[in-house]
Protein chains: 2
Amino acid sequence: MATERLVTVGLIQAACSDNRAANVEAAVLGIREAAKRGAELVCLQELFATRYFCQTEDAEKFDLAEPIPGPTTELIANAAKGAAVSVVASVFERRGAGVYHNTAVVFGPDGEIAGRYRKMHIPDDPQYYEKFYFTPGDLGFVSVPTPKAAVGPLICWDQWYPEAARLSALAGAEVLVYPTAIGWLPSEKAAHGMKQLDAWRTVQRGHAIANGVFVVATNRVGTEGEDGIEFWGHSFVCDPFGEVIAEAGEDEEMLIVECDLGRLEDVRREWPFLRDRRIDAYGGITARLLDEGK
Amino acid sequence: MATERLVTVGLIQAACSDNRAANVEAAVLGIREAAKRGAELVCLQELFATRYFCQTEDAEKFDLAEPIPGPTTELIANAAKGAAVSVVASVFERRGAGVYHNTAVVFGPDGEIAGRYRKMHIPDDPQYYEKFYFTPGDLGFVSVPTPKAAVGPLICWDQWYPEAARLSALAGAEVLVYPTAIGWLPSEKAAHGMKQLDAWRTVQRGHAIANGVFVVATNRVGTEGEDGIEFWGHSFVCDPFGEVIAEAGEDEEMLIVECDLGRLEDVRREWPFLRDRRIDAYGGITARLLDEGK
């Protein structure tokens, strides 16, 4: 039986307006409140400072990007330091002219940047035109040390990729944190909405099980755009057995969830999947398809 | 919208006795009955010919192994041919003195061996002493063509490895088939039984979602050994969205399940995960842990 090692995670599930300052201020207030309620690691949703601007392709929207450090990260850094909590914050990063990223910044409770992750898997679907905006990440998959947990920052579309979860876990991440912006299109919700939500939750629970880690997903809520996306919320935390231990509804909500990282040690002893990986036989993972020579 | 492409899958969930001839005869009869009920691809459980002998380490048990082709595979080949169905059959393979495998053989409806897979991930847990018996497979992960579906044969412990599912799918498999022998230990069932079952189902549903494939898992039932394993059954089929479309209970049962492989095309268009894989960044998958130089 491993030693108990508790960390309290805070998830801030929010709707965003067109008023960037108000969105950031709400996040700052949320960080403070989460800390007051015991959170030691606070996870904001994807691109929390703005509406989900990827619903159209509009070059003017690149004006929303900021350098890191920049005005938004300064405010979040101050909030992290003021509340003495670690924070995962997803920002639209301006790295240089013509090179913009969707980036998750991990702040320590001292307000310093502990690490960053640039979204590796970039979607492109109707109303999710992210390939227009985001240059694919070039930092790989990482584990960021914070005082209470090794954090594996990943972002939204990464949720569907077992490779992303695995590589973050192999790097040492104990908690995979996914800032998210996913929702229903009006044309699909009635027929497929519940199945989409269930698939989204299930594949991430699978990552928790396969890797013996906690998974934290913070999604946004609210409807954005005309005939637009209804962000479905349902932010959740699951344990290394894949069991959902807390889940939000479809409105603004804060989750405060105690996680015992000591369970990683126990679960990985009970079901020692990492021991038996066939690393001699996984080379094909770097292929697009294994269809050559057939 | 893709063209409908139907295949009917049959799963034979059975208990096994000490009478090998009777176990194989039951499988042969099951194949015939499944075919009569419309099955075109029949999936037997792991090591269907015998009790799950890995509950102890006993060198005498190597006598149970057979070459391939051998007496058991001949009977199954004849049954496949007689009923004109494809069959996935898991056998204890004697490859040579001191080299034994846990092998899934795929037979075509002509009774010929269409392909084989040797279990790659070998567990070793109390009452699952497989590392004693089974040399790790050396054929890698494969897709086996059958008239109605490209089959990705995998076996039990492989269920926990996203790499196995991914590599089989990249090789072209449309249906991942897992012959299985998993159950509860009496000491764990009350506290963890339902969570273990749910994790087992969930991680496989995750493979279906991440890869856009059908998943078929055929498990055994019955209790074997003193204070032994209660094999939990719950054989199931899930679609490429991870939705369970058929599931057995905890007794002997046959499932006959129609699957539309045309859905693979649709689901992969709706959520095009394979398009966005970062094959430039997955090299670390072949590492044991990414902990060096830290």
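The table below lists the values:
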read-out: Conditions (1) assigned to a loop (DSSP other than H, G, I, E, B); (2) of a type outside the set (S, T, Y); (3) out of contact with any helix residue (DSSP H, G or I) (no Cβ under 8 Å at 6 or more places or on another chain); (4) open to solvent by 10 Å² or more (accessible area, probe 1.4 Å): number failed by A:G137; value: (4)
read-out: Extreme residue, farthest from the other protein chains (Cβ to nearest Cβ), among residues of the range B:89-114 that are open to solvent by 10 Å² or more (accessible area, probe 1.4 Å) and acidic (D, E); value: B:D110
read-out: Selection status of B:F132, open to solvent by less than 40 Å² (accessible area, probe 1.4 Å), closer than 29 Å to B:Q55 by Cα and either modelled with pLDDT of 95 or more or out of contact with any helix residue (DSSP H, G or I) (no Cβ under 7 Å at 6 or more places or on another chain) (or both); value: no
read-out: Condition check for B:R263: open to solvent by 10 Å² or more (accessible area, probe 1.4 Å), touching a Leu at 6+ places or on another chain (Cβ under 8 Å) and within 14 Å of another protein chain (Cβ to nearest Cβ); value: no
read-out: Within the range A:81-94, tally of residues that are of a type in the set (A, V, I, L, M, F, W, C) and either more than 14 Å from A:R116 (Cβ to Cβ) or touching a residue at least 60 places away in the same chain (Cβ under 8 Å) (or both); value: 5
read-out: Verdict on B:A21 being at pLDDT 95 or above, under 18 Å from the mean Cα position of the chain (by Cα) and either of a type in the set (A, V, I, L, M, F, W, C) or open to solvent by 10 Å² or more (accessible area, probe 1.4 Å) (or both); value: no
read-out: Selection count, the range B:155-190, where residues are assigned to a loop (DSSP other than H, G, I, E, B) and at negative phi; value: 9
read-out: Criterion violated by B:M254 - all others in (1) in contact with a Phe, Trp or Tyr (Cβ under 9 Å, 6 or more places away or on another chain); (2) surrounded by fewer than 24 Cβ atoms within 10 Å (Cβ to Cβ) satisfied; value: (1)
read-out: Sole residue being in contact (Cβ under 8 Å) with a residue 24 or more places away in the chain and either more than 14 Å from the chain's Cα centre (by Cα) or assigned to a helix (DSSP H, G or I) (or both), chosen from B:G193, B:G152; value: B:G193
read-out: B:V28 more than 14 Å from every other protein chain (Cβ to nearest Cβ), part of a strand (DSSP E or B) and under 23 Å from B:V237 (Cβ atoms); value: no
read-out: A:Y117 vs. criteria crowded, with 17+ Cβ neighbours inside 10 Å and within 14 Å of another protein chain (Cβ to nearest Cβ); value: yes
read-out: Neighbours by Cβ (under 8 Å, 6+ apart or cross-chain): first from the range B:50-75, without any contact (Cβ under 8 Å) to a residue 60 or more places away in the chain and over 17 Å from B:A27 (Cβ atoms); second surrounded by 14 or more Cβ atoms within 10 Å (Cβ to Cβ) and acidic (D, E); value: B:A65/B:E93; B:P67/B:E93
read-out: Qualifying positions in the range A:131-184 - among the β-branched types (V, I, T) and within 21 Å of A:G283 (Cα to Cα); value: A:V142
read-out: Qualifying residue in the range A:199-221 (condition: of a type in the set (A, V, I, L, M), buried (at least 24 other Cβ atoms within 10 Å of the Cβ) and in a loop (DSSP other than H, G, I, E, B)); value: yes
read-out: Test for B:P126: is it farther than 16 Å from B:E93 by Cα, within 13 Å of chain A (Cβ to nearest Cβ) and open to solvent by 40 Å² or more (accessible area, probe 1.4 Å); value: yes
read-out: Odd one out for B:V237, checked against (1) of a type outside the set (D, E, K, R); (2) more than 14 Å from every other protein chain (Cβ to nearest Cβ); (3) farther than 20 Å from A:Q204 by Cα; value: (3)
read-out: Condition check for A:Y161: open to solvent by less than 10 Å² (accessible area, probe 1.4 Å), within 9 Å of another protein chain (Cβ to nearest Cβ), closer than 27 Å to A:E57 by Cβ and of a type in the set (S, T, Y); value: yes
read-out: Test: B:E4 is surrounded by fewer than 17 Cβ atoms within 10 Å (Cβ to Cβ) and touching a residue at least 60 places away in the same chain (Cβ under 8 Å); value: yes
read-out: Meets criteria (buried (at least 22 other Cβ atoms within 10 Å of the Cβ), over 24 Å from B:A104 (Cα atoms) and in contact with a Lys or Arg (Cβ under 7 Å, 6 or more places away or on another chain)) for B:I285; value: yes
read-out: Pair list, Cβ under 8 Å, 6 or more apart: the range A:266-292 residue within 7 Å of chain B (Cβ to nearest Cβ), other residue surrounded by fewer than 14 Cβ atoms within 10 Å (Cβ to Cβ) and among the acidic types (D, E); value: A:T286/B:D280
read-out: Test result for A:G242, at pLDDT 95 or above, within 9 Å of chain B (Cβ to nearest Cβ) and at positive phi; value: yes
read-out: Matching residues in the range B:68-122 - criterion: being part of a loop (DSSP other than H, G, I, E, B) and closer than 30 Å to A:F273 by Cα; value: B:I68, B:A97, B:G98, B:K119, B:M120, B:H121, B:I122
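Residue by residue, here is whether (1) in contact with a helix residue (DSSP H, G or I) (Cβ under 7 Å, 6 or more places away or on another chain); (2) among the hydroxyl-bearing types (S, T, Y); (3) buried (at least 24 other Cβ atoms within 10 Å of the Cβ); (4) under 23 Å from A:M254 (Cα atoms) holds:
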| position | (1), (2), (3), (4) |
| --- | --- |
| A:G152 | yes, no, yes, yes |
| A:A165 | yes, no, yes, no |
| A:L170 | yes, no, no, no |
| A:L176 | yes, no, yes, yes |
| A:L185 | no, no, no, no |
| A:M194 | no, no, no, yes |
| A:L197 | no, no, no, yes |
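The values are calculated or read from the model by the stated rules, or taken from the named source; none is laboratory data. Here the structure is a predicted model, which means the values were calculated and not measured. Neighbour counts are summed over all protein chains in view; Cβ atoms, including those assigned to glycine, are modelled from backbone coordinates with ideal geometry. Ligands, DNA and RNA are stripped out before the accessible areas are found, and what is left, the full protein with its side chains, is counted by its heavy atoms. Shrake-Rupley method; radii C 1.70, N 1.55, O 1.52, S 1.80 Å.
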